[in-house]
Amino acid sequence: MSQTHRKDGGLIDQDKTLTFTFNGQILRGYEGDTLASALLANNKHLVGRSFKYHRPRGIVTVGSEEPNAIMEIGSGAHKEPNTRATVTQLYNGLEAKSQNHRGPLSFDLMAITDFFSPMLGAGFYYKTFMWPKAFWEKIYEPAIRNSAGLGTLSKDPDPDTYDKGFRYCDILIIGAGATGLSAALTAASSGAKVILADEDFLMGGRLNSETAKIDNIKGSEWAKSAVEKLSAMDNVTLMSDTTIFGVYDHGIYGALENRSSESRADSNKPRQVNWRIYAKKSILCAGAIERSIAFGNNDRPGIMLAGAVRAYINRFAVATGNKVTVYTNNDDGWQTAKDLRSNGVNVVAIIDSRSISPVMPVQGAEIFMGTDVVDTKGRRALKSITLSNGKSISTDSLAVSGGWNPNLHLTCHHRGIPKWNEEIASFIPDESTPPGMSVAGRAKGTMVLSDAMKEGHDLGASVASDLGYTSADLKAASTPSVAYNVVANWGVPSGKNRAWVDFQNDVTAKDVRLANQEGFKSVEHVKRYTTLGMATDQGKTANVLGIGIMAENMGQTMEETGTTIFRPPYSPVAVGAFAGRRRGMEFYPTRYTPSHKWSEEQGAVFVEVGMWYRSQWFPQKGETHWRQSVDREVLKTRASVGICDVTTLGKIDIKGSDVSEFLNKVYVNAFAKLPVGKTRYGLMLREDGMAMDDGTTARLAEDHFVMTTTTANAVSVYRHLQFCHQVLWPDLDVHMISVTEQYAQYAVAGPNSRNLLQKIVDPEHDISNEAFPFMGAGAITVCGGIPARLFRISFSGELAYEIAVPTRYGDSLMRAMMEAGEEFDVVPYGTEALGVMRIEKGHAAGPELNGQTSAHDLGMGGMVSGKKDFIGYKLGQREELLRNDRMQMVGFKPVNKNALVDNGHSMAGAHLLGLREEATTHNDQGWISSSIYSPMLGCYIGLGFIKDGLNRKGEFVRAVDLVRNSDIEVEICSPHFYDPEGGRLRV
Amino acid sequence: MILKEGVYVSDYELLPESPLGGVEIEMDGFSITEVTDKSLVMVALPREKFSEVESSIDKSCGLKLPEIERSAHSKDSSITLWRLQKNQVLAYFTYEGNDVEAHLSSRLSAPAYYTDQSDTWAMIRVSGQRTRDVLERICPIDISPEAFPVGGVSRTIMEHIGTIIFRDGDDSYVLLTMRSFGRSMLHAIEVSADNVL
């Protein structure tokens, strides 16, 4: 018989039946149920096994603070462990499995650990499993690890998608219960932009679980009509099923919106949206969370919090048992008995620890005042309780209320600390709330409903008024005033029986006492030593109880004992929600060069250079190894002509009357007198004298220069120049803008490069050697009037140019040049061949400009001007940087020409040692920074840095690579391996 | 070589391509269109010449230099100036020729520095009733109509891509991202639309 414990009524739709499974068993519930309420409707109390001792556990609460009913929901890649059944909205086909047991839930083989509990108390792993020492690493730790952990992952990639979003508002109201709705109504009436968020899928907070009347109608009805009013307002955004999980800086709040029902219907939709809400002000109306009392065996399935028990009957029409008992230290617990009776549920006893008169008559219940519960029976389901007066009562559901704790988590996200309030025996927020946040209602400690609603109503208006909005003159909702009377009760001595404090981490009152005994007096130490409050529920129902026990143990006040620090997220957030779209190809953007489409057509192999895709090499039919392609590209370029897309290198357009002075200050060499129509190589230093970047800068007009940078430093150099311009020399008339993307730029290199270009460049532009010598630069036109720029510079060491056209013509120009170059056997070349050629030529690049090398180290000491001040000049004069025996850049070639050929790798990364020295850091003389196989020399070569390198040409040392296991003799030589005189450049 | 207008020129013809091939996507209450008919030129204002530049532009185009994060149109509506920074104005206008810097310089007649940016940016117009619903998934700045009026322009980062956003209609915005990021930006907008609509 299904749903044996379902009654009539509730806020669920009993006409819409849903089917779900729990541990394979098919069960039924209704639309509007949570997984927890549906399980209880089916009298399923045993829902899991506890973390350490594998004790049978049941549902405790009705909200996100749930410690026990954490389950695996879904199967396959969709499986999500540690999901709280109390906040999981029931849907058709939901698959739930209990966690943390070996063998069936009802007969967990791991429950044997419960018998070892005396050995497994707080901090046991510091005191036990010590001997023999060797056993720890191989036996004990793996065994402990194996049984530790909560829930299992599918290990498959998350198949769901997640999204992010940004919302702005004047007032963010957190919590849509009685207080939050009251605040929202007044705030929204002022025209202020309001966002109202609630973690539940049904707005209304406790009004949906209580019977108190608001404005003479049912609380849940009042809530429904308030929500309807608000949803009709253009200036209000309602976000239900949305947890405000964090309060960050600058009024930014993290909000996790659950959209799983939408993503189940359409797998392309995101399951969750992680919103950043920018709020000028916020009002926290998060209500209060009930706490338990520590008594012997207080953790059995069937023992729940009293507020939850009446929520189940009122909202979900579920009776948690047939013979319910109530154990309380406050008036509120009695309301549970009353509501159960109204629904025809038997209440067999009420036990109130206070020595006062009974709060109200409850038909059929035995009343025990000034009494406590000290023990319970019924391992897999509650059977009976034992009182402090010795009496035993048969019961299948015990509703416990130790009082209510204001839910002030968010008020402490900026390291705030709450203060103790004796009157309500709870912690309440103090003045240190995050900037812009006000608190109202139970979250503030205003426990009486009528007061809380008035508070929300007034605060909504006053916060709106602070922002310059005037609220309408609305009447606050009215509700009968019901006092909240409580006397703190942290628990009673239970003799040999364990009294549980933190259910999820299996921490008992004895553990807390033990920690105190062993010298852990600070609440932060007790937390970590016992693990109280460290589980996925972060001790929401346990922390204050634990603090109470600590305070009693140590004879301190609650204020003196204090709380631990509250940190976001308020409740668990899937990593996927923080990742958002950052997966796979969307991890970061991809940048494509102008010749990308053409390169794809050629079957180019691409390499990621930052976010760019650059052609690395262009394999031809028959080539099976990349070296074949790269060697061919080098040989053919040097023999005739090759084309390489160099668009990615930074291009910065600089204009102004003071540009040449500006460049003089950023480069080590002089630029002020660079003639119009000329390019010059420039080296830029950091303030500390180390080389930062290099490039060529061309002067196109008196007040117009174009600077190039390396690809990797395009952004950082631009930033550096902006810093210099805005901060260092704001008086100079200098204006700069990136034109990296404005022009498609190609290197055309090789003895036939000029011949090729003469077919593209319009004939009125003379690019002969006399008219356009080495290092010339200028504006030209190509292909019938298309504006272009030509720079005669060479990275390869061949006769070479770089030609730039507006990027819209980039693809077309590549095709035109390849066609024009056919007669010269033109070859496209990629970054690999580009690298080979510059190393053969001895040009420093990124690996040499690694931040540890100065101009002198790079062999460019001669370039450094002695006649002007520039960035890096002063610190570049430091004694240490001027020493003659620093590691200086030179070339290295193997003594044995065939060295490394069989290994198939270069010398890159190898360290340099003397011929007979041991390979230790003490003997390290330097390293190889760049190394390739040189098709021109027929062997591997390298550029690198070695102590006193400039004076050691001709010497022999070893290049040792301990990672790839090579050790070869090399000769120190000039880094200019190929055409050292530079004759090929100037033809 | 071929003879063209009395002069020998290379016989290869270069054909222009827009960054996104003129993409046009229609969805329910939301459209994505590449803007291909606009040129962009960055106008840099020299330090000592602000008032001179202002009065020249007023004289030549009947246009008052807008405040930062606002735009203004010339009297004949052919040129829109976006004030990005105190000394940075981005001109947004229609012009087919290859000498766009010289053209703008002669139109504005102002002593500023002009740099062509027409090929630097991919320009995507997003429009329709649901535009703000879609954009709020990737746009971290406040684009509510009260906070970001028509004619407003700002810079932000959307899905890790630097973006200039210009509101050119009640429910219409032009998003500019550097050309090489164009495909990634288009994808980000499409995913947002798929997630929201």
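Structure summary
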item: Criterion: away from chain B (no Cβ under 14 Å), modelled with pLDDT of 95 or more and closer than 26 Å to residue A:843 by Cα - qualifying residue of A:771, A:800; result: A:800
item: Flag if residue A:840 is away from chain B (no Cβ under 14 Å), in a loop (DSSP other than H, G, I, E, B) and open to solvent by less than 10 Å² (accessible area, probe 1.4 Å); result: no
item: Options B:40, B:65; residue that is within 14 Å of chain A (Cβ to nearest Cβ), surrounded by 14 or more Cβ atoms within 10 Å (Cβ to Cβ) and not β-branched (Val, Ile, Thr); result: B:40
item: Members of the range A:889-921 found to be open to solvent by 20 Å² or more (accessible area, probe 1.4 Å) and either free of Cβ contacts under 8 Å to residues at least 12 places away in the same chain or in contact with a helix residue (DSSP H, G or I) (Cβ under 7 Å, 6 or more places away or on another chain) (or both), listed by number; result: A:902, A:904, A:916, A:917, A:918, A:920, A:921
item: Residue within the range B:51-61 that is within 14 Å of chain A (Cβ to nearest Cβ), open to solvent by 30 Å² or more (accessible area, probe 1.4 Å), of a type outside the set (Val, Ile, Thr) and farther than 30 Å from residue B:192 by Cα present; result: yes
item: Residues being surrounded by fewer than 24 Cβ atoms within 10 Å (Cβ to Cβ) and in contact (Cβ under 8 Å) with a residue 60 or more places away in the chain - total across the range A:25-48; result: 3
item: Yes/no for residue B:123 being part of a strand (DSSP E or B) and either within 22 Å of residue B:26 (Cβ to Cβ) or more than 12 Å from chain A (Cβ to nearest Cβ) (or both); result: yes
item: Hey, residue A:204 within 36 Å of the chain's Cα centre (by Cα), open to solvent by less than 30 Å² (accessible area, probe 1.4 Å) and under 25 Å from residue A:333 (Cβ atoms) or not; result: yes
item: Meets criteria (more than 11 Å from chain B (Cβ to nearest Cβ) and more than 11 Å from residue A:652 (Cβ to Cβ)) for residue A:697; result: no
item: Long-range neighbours under 9 Å by Cβ, at least six apart or interchain, first residue farther than 17 Å from residue B:64 by Cβ and facing another protein chain (nearest Cβ under 10 Å) within the range B:97-109, second open to solvent by less than 30 Å² (accessible area, probe 1.4 Å) and of a type in the set (A, V, I, L, M); result: B:98/A:786; B:100/B:40; B:100/B:41; B:101/B:41
item: Top-ranked residue of the range A:746-768 - restricted to ones that are part of a strand (DSSP E or B) and more than 11 Å from chain B (Cβ to nearest Cβ), ranked as surrounded by the most Cβ atoms within 10 Å (Cβ to Cβ); result: A:749
item: In the range A:953-973, residue least open to solvent (accessible area, probe 1.4 Å) [restricted to those that are within 21 Å of residue A:840 (Cβ to Cβ) and assigned to a loop (DSSP other than H, G, I, E, B)]; result: A:954
item: Complete set of residues in the range B:163-180 that are facing another protein chain (nearest Cβ under 10 Å) and either aromatic (Phe, Trp, Tyr) or out of contact with any Asp or Glu (no Cβ under 9 Å at 6 or more places or on another chain) (or both); result: B:177
item: The range A:390-428: number of residues that are in a loop (DSSP other than H, G, I, E, B) and closer than 24 Å to residue A:548 by Cα; result: 13
item: Residue A:526 out of contact with any helix residue (DSSP H, G or I) (no Cβ under 8 Å at 6 or more places or on another chain), hydrophobic (A, V, I, L, M, F, W, C) and over 19 Å from residue A:407 (Cα atoms); result: no
item: Count - residues of the range A:853-871 that are at pLDDT below 95 and under 14 Å from residue A:929 (Cβ atoms); result: 1
item: Whichever residue in the range B:144-162 is β-branched (Val, Ile, Thr) and either open to solvent by 10 Å² or more (accessible area, probe 1.4 Å) or more than 10 Å from chain A (Cβ to nearest Cβ) (or both) and, among such residues, is nearest to residue A:586 (Cα to Cα); result: B:157
item: Filter result for residue A:834 (at pLDDT below 95 and either part of a helix (DSSP H, G or I) or within 45 Å of the chain's Cα centre (by Cα) (or both)); result: no
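The values are calculated or read from the model by the stated rules, or taken from the named source; none is laboratory data. Note that the coordinates shown come from a computational prediction; the quantities given were computed from them, not determined experimentally. Heads up, the Cβs are rebuilt from the backbone with ideal geometry, glycines too, and the neighbour counts pull from every protein chain shown. Each accessible area value is taken on the protein alone, full model and side chains, heavy atoms only, with ligands, DNA and RNA left out. Shrake-Rupley method; radii C 1.70, N 1.55, O 1.52, S 1.80 Å.
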